[in-house]
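Heads up: the structure comes next, in structure tokens.
The values are calculated or read from the model by the stated rules, or taken from the named source; none is laboratory data. Computed from a predicted model, the values in this text were never measured in an experiment. Neighbour counts run over all protein chains shown; Cβ positions are idealised from the backbone, glycine included. Side chains are part of the model used for accessible areas, which takes the heavy atoms of the whole protein and leaves out ligands, DNA and RNA. Shrake-Rupley method; radii C 1.70, N 1.55, O 1.52, S 1.80 Å.
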Amino acid sequence: MQITIYHNPRCSKSRQTLALLTEHGVEPRIVHYLDQPPQPAEMLRLANALREPVRSLLRENEDEFIAARDSLDLDDAPAVAAWLADHPRVLQRPIVIDEASGNAVMGRPPENVLGLLRSGN
């Protein structure tokens, strides 16, 4: 099972999700998305894997999003993905994807990752 986690080590939910993965014997590929922001195509892939619109990847309570809300067309997935690539602090976290199946979950709550692990076995 090849698992990738889009991780922010300063986020408690992200740390808890990573801990759950390692407790279950998974050594995920860790993407520190603040240092290595996913490109727009990757944002679109993540949304597709989550089976959610790209706008669901936004942390709408972040100041960066609030300041840009009126200038963003939230129904324009490629535009939102491009904006997120330029503003990775606004990306929901953590996102965990099973690369083999293409399925992903949001680690909020961290226990969501357990369903992904069960479906991958």
Original post:
For region 9-34, what are the residues that are among the hydroxyl-bearing types (Ser, Thr, Tyr) and surrounded by fewer than 17 Cβ atoms within 10 Å (Cβ to Cβ)?
Top reply: Ser12, Thr22
Subject >> Some residue of region 50-66 being open to solvent by less than 30 Å² (accessible area, probe 1.4 Å), in contact with a strand residue (DSSP E or B) (Cβ under 6 Å, 6 or more places away or on another chain) and touching a residue at least 40 places away in the same chain (Cβ under 8 Å) >> reply: yes
**OP:** Name, by its number, the condition in (1) within 19 Å of Glu42 (Cβ to Cβ); (2) open to solvent by less than 30 Å² (accessible area, probe 1.4 Å); (3) touching a Lys or Arg at 6+ places or on another chain (Cβ under 8 Å) that does not hold for Arg93.
**Re:** (2)
Original post:
Among the residues of region 100-121 satisfying the criterion of being surrounded by 16 or more Cβ atoms within 10 Å (Cβ to Cβ) and part of a loop (DSSP other than H, G, I, E, B), which is nearest to the chain's Cα centre (by Cα)?
Top reply: Gly107
Subject >> Residue check for Arg15: closer than 18 Å to Pro109 by Cα, at pLDDT 95 or above and over 11 Å from the mean Cα position of the chain (by Cα) >> reply: yes
Original post:
What is the residue count in region 35-48 for residues that are open to solvent by 70 Å² or more (accessible area, probe 1.4 Å) and either under 13 Å from the mean Cα position of the chain (by Cα) or modelled with pLDDT under 95 (or both)?
Top reply: 4
Original post:
Pairs under 8 Å by beta carbon, first residue free of Cβ contacts under 8 Å to residues at least 40 places away in the same chain in region 34-47, partner open to solvent by 40 Å² or more (accessible area, probe 1.4 Å) and part of a loop (DSSP other than H, G, I, E, B), six or more apart or different chains?
Top reply: Ala47/Pro53
Subject >> Meets criteria (touching an Asp or Glu at 6+ places or on another chain (Cβ under 6 Å) and closer than 22 Å to His32 by Cα) for Val80 >> reply: no
